[in-house]
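The block underneath contains the structure these notes are about, expressed in structure tokens.
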Amino acid sequence: KNSDGYDNGVRAVIGLRLGASERRQQQLSERDLASPGARSGAVRETLEAAVFQVGAGRYALPSAHVMEAIAPKGLVHTPGTQGAAVGIIEVPAPGGPRLVPALCARRLFGLNYPARAGDGVLLVVRSALDDQRPAFALRVDDVLTVLDLPRERLHPAPVGFRQFAPWVVEIAECEAVGPDGAEPVLVQLLDSRLVGGAAAEPAV
């Protein structure tokens, strides 16, 4: 009502959801994503892990379980796939390329909003029975870094995680360093065997 010259004194504010907020840093390195106290120079037992982003969360797989990271080009979406499975892809392997199932980490972790346009990397995971053979490829948003996680900073995942995320076995206490200084970050360490078993499970 704005045409009769009378002001009712009423104002309206309309809020529109633009999407989920994902706090990301464009560049992460071992120095930027480090365990607290890791720069003290003390000799400590560590686990080398490949850290990656899915939505707003940071996750990791032991580096020994990851053969390589590849672009999703060549991913074939197959009809009738269930759970986290999205299709198949041909990946390099000793003795020649192999076809392996491709799983979507976003489906696995229950993220129901779309990824960014530039997101999408496939981590080729080794078979638990033959480390020269790929078992599956896990599609993640972005690979951040390879990081040495001190064992004392790895804690068993809370019991409650087993109900909705049984593949998360440990939580690493880390810190991310950015323009505004350091802030605590939790990195969820995954068991690749349990992730692979999710291929035929219902979606979260």
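The values are calculated or read from the model by the stated rules, or taken from the named source; none is laboratory data. Predicted model only: the values in this text are computed from it and were never measured. FYI the Cβ positions are ideal-geometry reconstructions off the backbone, even for glycines, and counts take in every protein chain you see. Areas reflect the complete protein model, heavy atoms only, side chains present, ligands, DNA and RNA absent. Shrake-Rupley method; radii C 1.70, N 1.55, O 1.52, S 1.80 Å.
Just a few scattered comments:
- Among the residues of the stretch 74-94, the ones that are under 21 Å from Ser127 (Cβ atoms) and free of Cβ contacts under 8 Å to residues at least 60 places away in the same chain come to 13 in all.
- A single member of Ala60, Ala117 is on the phi < 0 side of the Ramachandran plot, modelled with pLDDT of 90 or more and of a type in the set (Gly, Ala, Ser), and it is Ala60.
- In the set Leu47, Leu103, only one residue is at pLDDT 70 or above, more than 16 Å from the chain's Cα centre (by Cα) and of a type in the set (A, V, I, L, M, F, W, C); that residue is Leu47.
- Total residues in the stretch 150-173 satisfying the condition of being free of Cβ contacts under 8 Å to residues at least 60 places away in the same chain and of a type outside the set (A, V, I, L, M, F, W, C): the figure is 8.
Yes or no, residue by residue, for (1) under 25 Å from Val169 (Cα atoms); (2) hydrophobic (A, V, I, L, M, F, W, C); (3) without any contact (Cβ under 8 Å) to a residue 40 or more places away in the chain:
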| position | (1), (2), (3) |
| --- | --- |
| Tyr59 | yes, no, no |
| Met67 | yes, yes, no |
| Pro72 | no, no, no |
| Leu99 | no, yes, yes |
| Ala105 | yes, yes, no |
| Leu123 | yes, yes, no |
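- Applying the criterion of being out of contact with any helix residue (DSSP H, G or I) (no Cβ under 9 Å at 6 or more places or on another chain) and open to solvent by 50 Å² or more (accessible area, probe 1.4 Å) to the residues of the stretch 51-66, the residue that is nearest to Leu138 (Cα to Cα) is Ala64.
- Answer residue from the stretch 73-89, given it is in contact with a Gly (Cβ under 6 Å, 6 or more places away or on another chain) and assigned to a strand (DSSP E or B) and is least open to solvent (accessible area, probe 1.4 Å) among those: Ile89
- Scanning the stretch 50-72 for residues being part of a loop (DSSP other than H, G, I, E, B), within 9 Å of the chain's Cα centre (by Cα) and of a type in the set (A, V, I, L, M, F, W, C) gives a total of 1.
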